[in-house]
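Here is the structure we will look at.
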Amino acid sequence: MSRDAAQAPTADATIAPEEREPQKDTDLSIGRRSPATGGRVPELDGLRGLAISLVIVCHYVGGAVHAPLGFWMHHLLSVLAVGWSGVDLFFVLSGFLIGGILLDERKSPRYFSTFYARRVYRIFPIYYLWLGIFALLAAGALWLAPGRYAVETKDLTQLPYYLLYLQNMRYALTPFQWIWLSVMWSLAVEEQFYLVAPPLIRFFSERKVLVILLGTMLVVPVLRVIALRFLPDGTFVAVLATPCRADALAAGVLLAIFWRKQWFRDFLASRPGFLKRSLLILALGFAALLWWLAHPINVVTVTIGYTWLAIFYSCLLLTAISQPQGRLASIMRVKWLRRLGMISYCVYLVHATINQFAHRLILHDAPEVYNLAGVGVTLLALAMSLAVASMSWKFFEKPLLMRGHRYQY
């Protein structure tokens, strides 16, 4: 895989899940706990697990070396690079959950302070810990063994962009940054969304918010085309800049608004075939776009692809939560998938780095899956990533999350 292809933003980032306190079951027309009332919906954890699974498959298989397997197998495995679209599912989930929380609490006198306090406890600690490890390793390599490892002074001078969540505005990665930090661009998108969404929902009427969100869905594809065609770094701007990825976030917030309407839930409950047919049509469209989505930096993906993914994953989310007896919801409630969704934030931060270092230390080469040794090291890297994330959740993230929830709306 070429360096340019490796640095292309198929290294997508996960969105840290918004954990909410368990609440009582609510008597809705759907007969389930519902984010419309703050109850915990297990299917959403499963959807997070699905999203991070797609990203892992992209990086561990689709983006690995497998050309020696032959023409057909190589191209078949290359299609798995479409797993980068898991980040679009994370964006839709984030818009739905964060938007829903803000809608429910928009009248609270502690609206801003509680929201941001909880976000700080959930997002910042592990993010800055990972950056700190990166900085220590880079500084140590430059000081103790200058020139021996693929570490540059630029690795430290660009660190302020990451500290301020501005890395999606300057995507010029050195080799060491690519191994360690390339997945962080969409965390910047997420944090920038946190700056915009709270005042939007607090100070604008619901009708105006709907107009803004629908307008965003229409305007964003145009912005991406303009960026791709006319800006010097348009390739990365069209894919990484928050205004160019806002359609998926907007779709999630739109879902949150409509999900809180009783007439909307009644409509879905009375017409289960509507969502199934819609999901099938969107899935067929996904399949038709597969070649372009597997090679994401092109005019088709930038214009149609990203917005199609936003709508497809929105429909997937809506189907899972509105049809709890359906097959999709049952799959999303599988225990291991929900568990993976729970630890997905840390998994995303560490999985690509662990895979790169495991292959380079054991096999002395880039990640590969065309022989038993490569497959074995890849599975070892996956096991290590899950183990690290599980320990992080138990001993670090979950206690901080509980501390953050001491702040009440």
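The values are calculated or read from the model by the stated rules, or taken from the named source; none is laboratory data. Please read these numbers as outputs of a predicted model, since none were measured by experiment. As a convention, Cβ positions derive from the backbone with ideal geometry for all residues, glycine included, and neighbour counts pool all protein chains shown.
Listed values, structure above:
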item	result
Which numbered condition Thr242 misses (of (1) crowded, with 24+ Cβ neighbours inside 10 Å; (2) touching a Phe, Trp or Tyr at 6+ places or on another chain (Cβ under 9 Å))	(1)
Unique match (being on the phi < 0 side of the Ramachandran plot, part of a helix (DSSP H, G or I), out of contact with any helix residue (DSSP H, G or I) (no Cβ under 8 Å at 6 or more places or on another chain) and free of Cβ contacts under 8 Å to residues at least 24 places away in the same chain) among Leu200, Leu218	Leu218
Positions within region 170-223 being of a type in the set (Lys, Arg) and at pLDDT below 95, in sequence order	Arg170
Residues (closer than 28 Å to Phe357 by Cβ and without any contact (Cβ under 8 Å) to a residue 40 or more places away in the chain) located in region 386-409	Ala387, Met391, Lys394, Phe395, Lys398, Pro399
In region 228-243, the residues that are in a helix (DSSP H, G or I) and without any contact (Cβ under 8 Å) to a residue 40 or more places away in the chain	Arg229, Phe230, Gly234, Val237, Pro243
Among the candidates Arg333, Arg338, residue that is under 15 Å from Leu93 (Cα atoms), in contact (Cβ under 8 Å) with a residue 60 or more places away in the chain and of a type in the set (D, E, K, R)	Arg338
Within region 331-360, considering residues that are basic (Lys, Arg) and under 23 Å from Leu401 (Cβ atoms), the one surrounded by the most Cβ atoms within 10 Å (Cβ to Cβ)	Arg338
Residue that is surrounded by the most Cβ atoms within 10 Å (Cβ to Cβ) [pool: residues in region 117-141 that are touching a Phe, Trp or Tyr at 6+ places or on another chain (Cβ under 9 Å) and more than 30 Å from Leu102 (Cα to Cα)]	Ala138
Single match in Arg170, Arg148, Arg106, Arg118 (criterion: over 23 Å from Cys346 (Cα atoms) and either touching a residue at least 40 places away in the same chain (Cβ under 8 Å) or in contact with a Pro (Cβ under 8 Å, 6 or more places away or on another chain) (or both))	Arg106
Residues located in region 351-409, provided they are in contact with a helix residue (DSSP H, G or I) (Cβ under 7 Å, 6 or more places away or on another chain) and farther than 23 Å from Val55 by Cβ	Leu400, Arg403, Gly404, His405, Tyr407, Gln408, Tyr409
Wholly within region 1-100, helices (runs of 4 or more DSSP H) carrying at least 3 residues that are of a type in the set (A, V, I, L, M, F, W, C) and modelled with pLDDT of 55 or more	42-57, 71-78
Flag for Leu280 being under 20 Å from the mean Cα position of the chain (by Cα) and modelled with pLDDT of 95 or more	no
Given (1) of a type outside the set (Val, Ile, Thr); (2) within 30 Å of Lys261 (Cα to Cα); (3) out of contact with any Ser or Thr (no Cβ under 7 Å at 6 or more places or on another chain), index of the condition Pro221 fails	(3)
Residue that is under 24 Å from the mean Cα position of the chain (by Cα) and buried (at least 21 other Cβ atoms within 10 Å of the Cβ), where the choices are Val222, Val183, Val196	Val183
Any chance Thr301 is in contact (Cβ under 8 Å) with a residue 60 or more places away in the chain, touching a helix residue (DSSP H, G or I) at 6+ places or on another chain (Cβ under 9 Å) and not aromatic (Phe, Trp, Tyr)	no
